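The values are calculated or read from the model by the stated rules, or taken from the named source; none is laboratory data. Fair warning: this is a prediction, and the values are worked out from it, not measured in the lab. Here the Cβ is made from the backbone with ideal geometry for all residues, glycine too, and neighbour counts use every protein chain on show.
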Amino acid sequence: MAAPANTPKSEQWWTRNPKEFDMFQKILHMDLGSNYKEVIRNGPVPKHNVWTDHAFVIPWAVAPIALQYASQVFLGRPWSRLEAFGIYTANLATFGLITVRRLRILGEKYGHLDAINRERDRVAENRVTPLVLGLLATISVRTMMAAIIAYKPGRLPFLTWKLPIDMALYMVAVDFFFYLYHRALHQVPWLWKFHRTHHSTKHPTSLMAPLADHVQETFDIAVIPILAYMIRPIPFFHWYIACLYVNYIELAGHSGVRADMGHPVLGMLLRPFGLDLVVEDHDLHHRLGMRAGNFGKQTRIFDTFFGTTSPRYETTPEAIGLHNQKGSKAPPPKAL
Ligand SMILES: [Zn+2]
Ligand SMILES: [Zn+2]
């Protein structure tokens with residue numbers, strides 16, 4: 001559960017000397033760092049370059065696959081299912097932590113949403129360990145499932161031209177099942193108790209993405225990815241790269257970074273139709289609590305189709321300089 005804003009300073013674990021932190025506190029401290037102080041930005045919302053996201057993600061996607069290929073072709077040593085699980089999980093976990101660091105740097109560069117009202121939340125001390133364990137469980141269970149269901153030991157690693165299609169369809173399928181279950185958690189009264197912990201923060205940080213009770217955790221980690229995979233089974237290596245991007249979006253969606261920062265894979269396809277997701281969408285979802293809209297976490301396809309979108313306040317077309325877009329009457333924003 002997020003720490004209340006009025007927690008006495010003496011009880012704020014993050015104000016202690018970082019040398020006194022335990023391992024879990026060190027990990028969690030990566031989301032905002034020691035020098036975090038919110039600065040209110042009033043200028044136009046910066047446009048984040050999505051190609052820098054690809055440049056960041058792709059090496060992490062390719063590295064374990066290239067390593068496995070080299071092991072099999074040059075050393076004649078294919079990876080067992082267990083070895084594949086261990087190495088791909090370690091890669092995904094490291095990628096997750098480096099992503100948190102990247103989002104912290106982007107937050108320092110661009111600022112955070114709704115900063116005028118409140119700083120980003122911190123996690124209460126008693127939630128630090130469960131939260132970090134939840135993050136590790138998310139990463140390891142997802143790769144374990146992929147290793148069990150889709151991995152074929154002895155088969156040479158491969159990527160095909162279908163990779164972008166497989167990734168896009170998998171992400172939309174994840175979003176569809178997530179939308180249904182997430183909306184039910186909000187709108188079926190007796191289910192809200194399973195989701196309340198996730199909403200204990202109104203201004204999350206990237207590492208609060210796995211903040212959840214066990215029932216919600218199980219669906220997030222295991223059930224939804226399996227349902228999405230069953231709709232259209234895809235090769236292990238395609239599934240792994242799609243998981244990398246899904247995790248990236250889940251972490252970014254909780255970062256509160258004040259930028260026009262959309263989905264690196266689906267954003268360009270969906271934006272012309274107004275169906276793309278940006279960081280502000282899930283940030284607003286947290287701020288609005290039980291009665292929130294914006295149930296999708298990869299797209300706004302299903303929110304738009306079922307009429308559950310919440311309007312954006314900060315990353316509007318006018319604020320990001322798209323003032324000539326249809327329907328916009330605002331004057332062009334001043335340059336940064
Ligand atoms: Zn929710
Ligand atoms: Zn959330």
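When only residues in segment 109-135 that are assigned to a helix (DSSP H, G or I), within 19 Å of the chain's Cα centre (by Cα) and crowded, with 16+ Cβ neighbours inside 10 Å count, which is modelled with the highest pLDDT?
The residue in question is Y110.
Looking at A173 and the list (1) surrounded by 14 or more Cβ atoms within 10 Å (Cβ to Cβ); (2) at pLDDT 90 or above; (3) within 16 Å of ligand 1 (Cβ to nearest atom), which single condition is not satisfied?
Of everything listed in (1) surrounded by 14 or more Cβ atoms within 10 Å (Cβ to Cβ); (2) at pLDDT 90 or above; (3) within 16 Å of ligand 1 (Cβ to nearest atom), A173 misses just condition (3).
So which residues in segment 222-270 are within 16 Å of ligand 1 (Cβ to nearest atom) and either modelled with pLDDT under 90 or surrounded by fewer than 24 Cβ atoms within 10 Å (Cβ to Cβ) (or both), if there are any at all?
Selection gives I224, E250.
Among (1) more than 16 Å from the chain's Cα centre (by Cα); (2) within 19 Å of V223 (Cα to Cα); (3) modelled with pLDDT of 80 or more; (4) crowded, with 19+ Cβ neighbours inside 10 Å, where does T143 come up short?
Unmet condition: (3).
Looking only at segment 117-125, decide whether some residue is touching a residue at least 40 places away in the same chain (Cβ under 8 Å) and closer than 24 Å to V57 by Cα.
Among the residues of segment 117-125, not one is touching a residue at least 40 places away in the same chain (Cβ under 8 Å) and closer than 24 Å to V57 by Cα, which makes the answer no.
Count, please, the residues in segment 49-68 that happen to be within 16 Å of R258 (Cα to Cα) and over 16 Å from the mean Cα position of the chain (by Cα).
Count: 1.
List the residue pairs whose Cβ atoms are under 7 Å apart, where the first residue sits in segment 265-282 and is closer than 20 Å to G111 by Cβ, the second is part of a helix (DSSP H, G or I) and not aromatic (F, W, Y), and the two are 6 or more positions apart or on different chains.
If the second residue must be part of a helix (DSSP H, G or I) and not aromatic (F, W, Y), the pairs left are V279/A252; V279/G253; H282/G253.
Among the residues of segment 202-218, which ones are within 9 Å of ligand 2 (Cβ to nearest atom) and modelled with pLDDT of 90 or more?
Result: P204, single match.
Which one of these does S71 not meet: (1) assigned to a helix (DSSP H, G or I); (2) within 24 Å of the chain's Cα centre (by Cα)?
Of (1) assigned to a helix (DSSP H, G or I); (2) within 24 Å of the chain's Cα centre (by Cα), only one is false for S71: (2).
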